[in-house]
Structures are given as C-alpha cells and as structure tokens.
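Just so it is clear, none of the values below were taken in a lab; they were calculated from the coordinates. These figures come from a predicted structure and were not determined experimentally. Virtual Cβ from ideal backbone geometry, glycine too; neighbours counted across all protein chains shown.
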Amino acid sequence: MLNINDVLETINMIKDENLDIRTITMGISLYDCAGDDTGIVCDRIYDKLTKTAENLVKTGCDIEKELGIPIINKRVSVTPISLVGGRFTPDDYVKIAKALDRAADTLGINFIGGYSALVQKGFSNNSRNLIESIPEALATTGRVCSSVNVASTKAGINMDAVALMGQVIKKTAYLTRDNESIGCAKLVVFANVPEDNPFMAGAFHGVGEAETVINVGVSGPGVVASAVKRAGNCDFSTLAETIKKTAFKITRMGQLVATEASKRLGVPFGIVDLSLAPTPAVGDSVAYILEGMGLEKCGGHGTTAALALLNDAVKKGGVMASSHVGGLSGAFIPVSEDAGMIAAAECGALSLEKLEAMTAVCSVGLDMIAVPGDTSAETICGIIADEISIGVANTKTTAVRVIPAYGKGVGESVSFGGLLGYAPIMKLSPYSCADFIARGGRIPAPIHSLKN
Amino acid sequence: MKAVITVVGHDAKGIISKVSTKCAEVSANITEISQTVLKEYFSMIMVVDISDITVPFTDMVDALRRLGEENGLDIRTMHESIFNSMHRI
C-alpha cells in the first residue's frame with residue numbers, strides 16, 4: 001500500500017529540493033576497435049559507439065518520464081583511448097578525439113569520457129603521445145573529456161607525468177582562451193582513479209570492465225540540506241542519522257533507475273555512485289549543507305569536520321540502498337558548480353588551502369578551481385603534486401581540475417555556463433616550486449604500516 | 001501495475017472530473033483517491049491501475065501533464081515503483 005506521506009515526501013524532493021539522477025553513463029569497451037590505420041580505427045569507434053548506445057538517450061528519457069524523476073545527463077564512457085591498440089602519433093589521437101566527438105553528437109549526449117591515459121608508474125609510447133595531443137583534442141572538440149592517472153598508492157607518484165600535465169593544462173588553457181579556457185574544465189589529473197566512475201570529466205571504462213555496462217550517478221545536495229534544516233538543533237549522532245536516512249532514499253532511486261536502464265538496454269548493471277553532486281542552482285549546493293550544520297560560511301574553521309561527517313553518513317546510508325556501489329562515491333566540492341562554494345570563495349571565506357584540507361576527507365579533489373592565467377606550469381604542477389599526495393598517502397581518489405584562465409587575474413571570474421557554472425579566480429602562493437618539480441622521476445609508494 | 005497521479009493547484013470546478021475522464025479514456029482504473037482543499041488550494045493524490053491501459057504509459061503521462069497545463073494545475077503521473085523503492089526495504 002502506498003502511504004500518502006511517502007508520496008508527498010518523494011514529490012517534494014523532486015519538485016522543491018532538486019532531487020535528480022545526475023547521470024546514466026554507459027561504459028563501452030573499445031578494445032576491438034584496434035588497428036594501425038587511424039581512419040579505420042576512427043570508423044570502427046564511431047560505428048561501435050553509435051550502434052551500442054543508440055537507444056541510450058531515448059531509454060533515459062522514457063524512464064525519466066515514467067518515474068517522474070529528472071535524469072539530467074545521459075553519457076558514454078569508453079576504454080582509455082591510449083589503450084586502444086595501434087601506433088598512433090599525437091595527430092592521430094586528435095583524429096580519434098574528433099571521431100568520439102562526432103559519435104557523441106550523433107548520440108545526442110553532452111559529454112563522452114575516456115580520452116585518457118594511465119601513467120602512474122611510467123609512460124608507454126601511446127600514453128605519452130595521447131597526453132601530448134590533449135590540448136589540441138580538447139580545443140578542437142566540444143564533448144570529449146580527458147583524464148590522466150598520474151599516481152596510485154601502490155605505484156607512488158609519476159612526477160614526470162605531473163610535470164607534463166602542468167604544461168598540458170597551460171597549453172589547453174591557451175588554445176581555448178577565446179572561450180574562458182574551457183578546455184581545462186574537461187581535463188582531470190587523478191591519483192587512484194576509479195575505473196567505473198560515471199561522472200564527467202573523469203569517467204572512463206576501466207581495464208577490467210565488461211564489454212558494456214550501465215553506471216548511475218545520483219545527486220541530491222538539496223534534499224540533504226533540507227533534511228539537515230528540518231533536523232534542527234540536534235546533536236551530531238542525530239544529525240548523522242538524518243543524513244544517512246536521506247542518503248538511503250536518494251540512492252534507492254538511483255538503484256531503481258540503474259536496474260531499469262540496465263534491463264531495457266540489455267546491458268549489465270555496474271554500480272551506483274553515491275556522490276552528492278552539486279549544481280550552480282540555488283538549493284543544490286554541498287556548501288549550504290555544511291552551513292546548515294552550523295557554520296557561518298563554508299571554508300571557516302570546522303568545515304573539514306562537517307564535511308567528514310557528511311561524507312561518511314552519505315556512504316553509510318547509500319551502501320545499504322544499492323547492490324553495487326562504486327565510482328567516486330562521496331561529496332563533491334567543485335567550486336564553480338556549487339552556488340555556496342562560489343559565494344564562499346568570493347567573500348574570501350574559502351581558500352585553496354582549506355579546499356585542499358577538505359579533499360582529504362571527501363571525494364574528489366581540487367575541482368573546477370579557476371586560478372590566474374599567468375600561473376606558471378610549475379606552480380600548477382605543485383598544486384597537482386600536493387593534491388595527488390593526499391590521495392596516495394590516504395589510499396583514496398583525489399584529482400585536480402584547475403583552470404588557469406588565460407588573460408585573467410585575482411578579482412575576476414570565469415563563466416562556463418550550464419552545469420559547469422562560474423568561478424571567481426583564486427589566489428595562489430607567490431613562492432616558486434620550480435626546482436622541486438624539475439627533479440623529475442617518481443615519488444616512491446608510501447608505507448602502509450607505522451600509521452600516524 | 002499502478003501509477004500515482006498527483007494534482008496541485010488553485011481550486012476550480014470539475015478538476016476531479018477532468019482527470020478521471022482522461023484516465024477513463026486510456027482505460028486506467030482508479031483504485032484510490034485522496035483529496036483535500038486547503039484555503040483556495042486543491043490537492044489530490046490518485047492511485048490508478050495501469051495494467052490494461054490502451055496507450056503507452058509515457059503517452060498517458062504527457063496527456064495528463066498537458067491537461068494540467070491547460071487548466072493551470074501541476075499534474076504529475078509517476079510509476080508506483082519509485083515510491084516503493086524509496087520507502088520500502
């Protein structure tokens with residue numbers, strides 16, 4: 001029997017609290033598209049994607065309509081392109097990026113992820129060529145998302161890759177300078193990258209994944225914020241309990257959509273990603289949840305503790321609601337995509353240093369942060385190395401998605417529109433780390449006993 | 001298989017009649033109605049059996065949404081599975 005209060009609660013979550021399914025992402029293996037002739041490989045990739053995912057958008061829209069829950073994005077992730085066999089030059093890789101872009105256009109999806117390389121221990125020829133091609137690929141396509149894994153807890157940090165990524169990010173910013181350096185918003189540098197993440201820009205179809213798979217990312221910061229508000233002046237145990245119950249309900253919705261999509265598309269269900277993903281819409285902010293817990297502004301003292309509580313409670317509530325949990329699964333704190341984070345950064349409450357501390361207790365990292373356009377490649381490498389070290393030392397995923405906004409400085413802002421939002425440019429330390437980055441080589445993997 | 005239709009908006013004459021006529025047109029059987037009017041606001045939750053409907057469910061959702069738009073009402077039609085999965089373990 002349906003209970004009226006349950007019905008009203010669900011409808012209220014959708015109508016007034018911005019509850020949605022953020023993405024249904026179909027992972028597709030491209031191993032069988034290998035070949036030496038770039039043109040043939042491009043055709044194979046285009047044909048495979050447009051055939052395999054041809055019903056993805058329609059199915060997503062049908063489920064959305066029948067269940068009455070918005071499904072914001074339908075997307076595709078593919079095998080890291082550097083692992084699709086063949087002898088490719090950077091120019092060849094740009095052609096493949098364009099084939100991916102064309103396929104995304106035909107499918108009617110806004111992003112396709114997997115223009116990626118895994119170089120945590122070292123470069124293969126293909127992964128180096130792919131990384132070199134990233135700026136051009138991101139500048140000449142609109143929907144392709146790129147990611148590079150430069151470190152893992154088992155392998156340590158490939159500092160040569162970190163050094164290269166600093167230059168790649170600078171060049172990407174320059175090549176997309178007429179459009180607020182937007183290329184950098186589609187490029188993520190990872191440590192311990194998850195292989196089943198449905199969220200862009202870091203999604204790709206992992207090495208050990210099945211031929212095709214459906215992964216779903218839920219959202220719902222607005223729902224959690226409202227629940228925290230309703231809980232009122234309770235103690236921390238009650239607060240955590242409230243968040244857990246809400247996360248459970250949100251995740252059940254994700255599980256239902258994932259199961260339904262998997263059944264209708266005839267594609268195995270992979271995972272539900274439990275992340276709280278904010279949008280720039282007012283009322284869909286992770287920062288406002290933290291402020292609802294009693295912080296005057298997100299970024300002040302107490303923020304890291306509040307975020308740790310939130311992240312843990314979301315996972316505990318979500319795990320029981322889904323048969324398989326994976327991906328990033330945690331609260332996201334992308335600055336430009338969160339109205340509360342934007343406000344906190346603009347008034348000076350939220351600094352880069354505090355964001356770095358916050359990433360030690362949540363997913364995913366320094367995300368969608370705009371920095372001055374004249375920031376040196378070495379300083380960007382320093383930002384990456386710091387953030388990646390947090391992930392490696394703590395056996396968790398961390399990532400960096402910074403935008404050195406070409407021609408802009410502190411006090412200005414960049415605006416990407418849509419879900420990518422807008423970001424005030426943040427201040428960086430003026431002191432150089434160039435000699436440190438210039439050393440090259442690898443930082444050894446950390447020890448996992450003698451914990452302190 | 002059941003669906004839940006919720007109707008919210010300013011009270012007016014004939015709302016229940018319009019919604020139930022639309023349900024009858026597609027052969028959806030109304031099994032439960034709960035309706036309240038608070039001040040000038042009308043709200044109704046209707047449970048309908050959609051096992052024998054004569055059109056695809058998505059068409060029924062669209063038809064009711066349009067009916068709502070024409071009459072200044074917010075009409076949502078959702079499959080019962082969303083409520084069951086969210087509120088039942």
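Quick notes
- Neighbours of B:Pro56, meaning other residues whose beta-carbon lies under 11 angstrom from its beta-carbon, give a summed charge of -3 when Lys and Arg score +1 and Asp and Glu score -1.
- Angstrom value of the Kirkwood radius, inverse mean 1/r, which spans all Cα pairs in the stretch A:28-155: 15.2 Å
- Spatially close Lys pairs in the stretch A:20-191, defined by Cα atoms under 22 Å apart and a spacing of eight or more places or different chains, total 20.
- Highest average packing first - A:282-294, A:116-128, A:361-373, Cβ atoms within 10 Å: A:361-373, A:282-294, A:116-128
- Shielding by partners, peptide A:66-78 (average Cβ within 10 angstrom, other chains): 3
- Cα Rg, Dmax, the stretch B:2-78, angstrom units: 11.6, 37
- For chain A: relative contact order, % (alpha-carbon pairs under 8 angstrom, 6 or more apart): 17 percent
- Placing +1 on the Cβ of every Lys and Arg and -1 on the Cβ of every Asp and Glu, with no other charges, gives the protein assembly as shown a dipole of roughly 640 debye about its Cα centre.
- The stretch A:210-249 - charge dipole about Cα centre, Lys and Arg +1 at Cβ, Asp and Glu -1, debye rounded to 20: 220 debye
- Whole-Å distance, taken between Cα centres, linking the stretch A:423-452 and the stretch A:66-124: 29 Å
- Centre separation in Å (Cα based) which lies between the stretch A:303-335 and the stretch B:2-67: 37 Å
- The magnitude of the dipole of the stretch A:66-123, with charges of +1 and -1 set on the Cβ of Lys/Arg and Asp/Glu and taken from the Cα centre, is near 160 debye.
- Partner shielding of A:249-257 amounts to 3, given as the average count of beta-carbon atoms from other chains within 10 Å of each residue beta-carbon.
- Positive-end extreme of charge dipole, the stretch A:218-428 - chosen from A:Ala240, A:Ile388, A:Gly421 (charges on Cβ): A:Ala240
- Antiparallel content of DSSP bridges confined to the protein assembly as shown, in %, to 5: 55 percent
- Positive-end ranking of B:Ile30, B:Val7, B:Val55 along the dipole of the stretch B:2-78, with charges on Cβ about the Cα centre, is headed by B:Val7.
- Rounded D (µm²/s) - chain A, Kirkwood Rh over Cα pairs, Stokes-Einstein at 10 °C, 1.306 mPa s: 73 µm²/s
- Per-residue mean of C-beta atoms belonging to partner chains within 10 Å, peptide B:32-39: 1
- Ranked packing of A:399-408, B:21-30, most packed first, by mean Cβ within 10 Å: A:399-408, B:21-30
- The stretch A:56-110: C-alpha pair distances exceeding 13 Å, %: 67 percent
- One way to sum up the overall shape of the stretch A:128-174 is the equivalent ellipsoid from its Cα gyration tensor, whose semi-axes run 22, 12, 8 Å, largest first.
- Hz values of 3J(HN,Hα) by residue in the stretch A:11-18 - Karplus curve (6.51, -1.76, 1.60), Gly and Pro given as x: 5, 4, 4, 6, 6, 10, 10, 6
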